[in-house]
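What follows is a short report on a single structure.
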């Protein structure tokens with residue numbers, strides 16, 4: 001079954017991970033984060049909310065519809081100045097009009113049934129000249145072949161139905177870009193990013209995370225026996241020693257006209 005983002009058992013699944021330098025470099029090429037007010041919509045456990053703070057943002061507001069996820073985000077980022085977490089929907093954050101220099105949505109739009117409403121809310125939150133960054137995987141991104149640095153691709157070889165599920169829920173780039181334009185955004189452009197997800201001490205460190213389904217909603221589609229099979233297959237395919245896991249993403253950049 002699909003992941004329940006509101007379940008206590010899943011509250012820490014997206015908390016505590018560090019955004020890699022590959023992501024930070026990509027963001028700096030797209031927007032100036034220093035002294036910015038950033039709204040991180042669908043912030044989950046707050047890993048990227050914290051990353052914006054570390055990039056020099058003056059204020060970062062993380063918004064999520066899951067109280068459980070927000071509790072984990074607050075715990076993981078306790079005491080950091082300029083960070084706040086709010087309960088709210090991606091289509092109705094309850095934040096003020098024009099409050100943000102940047103609105104960021106990572107791994108959000110493929111979860112929403114009302115893309116137009118999500119985009120319209122981002123437009124409302126931005127002041128004139130503000131930037132909307134949408135990071136998600138397209139069907140082409142998730143279909144990338146498996147390798148020792150992209151083991152996610154092997155997951156779909158072991159359990160092909162996962163690729164069907166993943167592809168169905170992915171945003172259509174043309175539809176997203178159409179919604180951005182319809183909402184009033186200018187300069188809509190997309191770029192690919194191979195982002196380092198995490199660096200592991202060894203293969204077993206990585207497999208322990210897979211076995212716990214940590215930070216990977218697609219693995220909640222598997223029952224325990226299927227998950228055990230996946231772990232076994234990945235152990236056979238992955239080399240021993242340190243492992244760097246990367247995933248391909250698409251990042252869309254759009255501007256609210258001045």
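Details
- Subset of segment 26-40 [under 16 Å from residue 127 (Cα atoms) and touching a residue at least 12 places away in the same chain (Cβ under 8 Å)]: 31, 33, 35, 36, 37, 38, 39, 40
- Among the residues making up segment 73-120, those that are out of contact with any helix residue (DSSP H, G or I) (no Cβ under 9 Å at 6 or more places or on another chain) and part of a helix (DSSP H, G or I) are 74, 75, 117.
- Per-region count, segment 121-141, residues surrounded by 17 or more Cβ atoms within 10 Å (Cβ to Cβ) and either under 16 Å from residue 217 (Cβ atoms) or free of Cβ contacts under 8 Å to residues at least 12 places away in the same chain (or both): 4
- Among the residues of segment 142-195, those identified as in contact (Cβ under 8 Å) with a residue 60 or more places away in the chain, assigned to a loop (DSSP other than H, G, I, E, B) and closer than 23 Å to residue 229 by Cβ are 144, 146, 148, 149, 151, 159.
- Test result for residue 170, at pLDDT below 95 and buried (at least 16 other Cβ atoms within 10 Å of the Cβ): yes
- Applying the condition of being over 20 Å from the mean Cα position of the chain (by Cα) and either exposed (fewer than 13 other Cβ atoms within 10 Å of the Cβ) or free of Cβ contacts under 8 Å to residues at least 24 places away in the same chain (or both) to segment 205-228 and asking which residue is farthest from residue 48 (Cα to Cα) yields 225.
- Segment 129-141: number of residues that are within 23 Å of residue 27 (Cβ to Cβ) and assigned to a helix (DSSP H, G or I): 2
- Number of the condition not met by residue 41 [criteria: (1) more than 17 Å from residue 253 (Cα to Cα); (2) touching a helix residue (DSSP H, G or I) at 6+ places or on another chain (Cβ under 8 Å); (3) crowded, with 21+ Cβ neighbours inside 10 Å]: (1)
- Qualifying residue in segment 163-170 (condition: farther than 22 Å from residue 29 by Cα and more than 22 Å from the chain's Cα centre (by Cα)): no
- Test: residue 248 is modelled with pLDDT of 95 or more and within 24 Å of residue 44 (Cβ to Cβ): yes
The values are calculated or read from the model by the stated rules, or taken from the named source; none is laboratory data. Everything numeric in this text was worked out from a predicted model, so none of it was measured. Cβ: placed from backbone, ideal geometry, glycine included. Neighbour counts: every protein chain shown.
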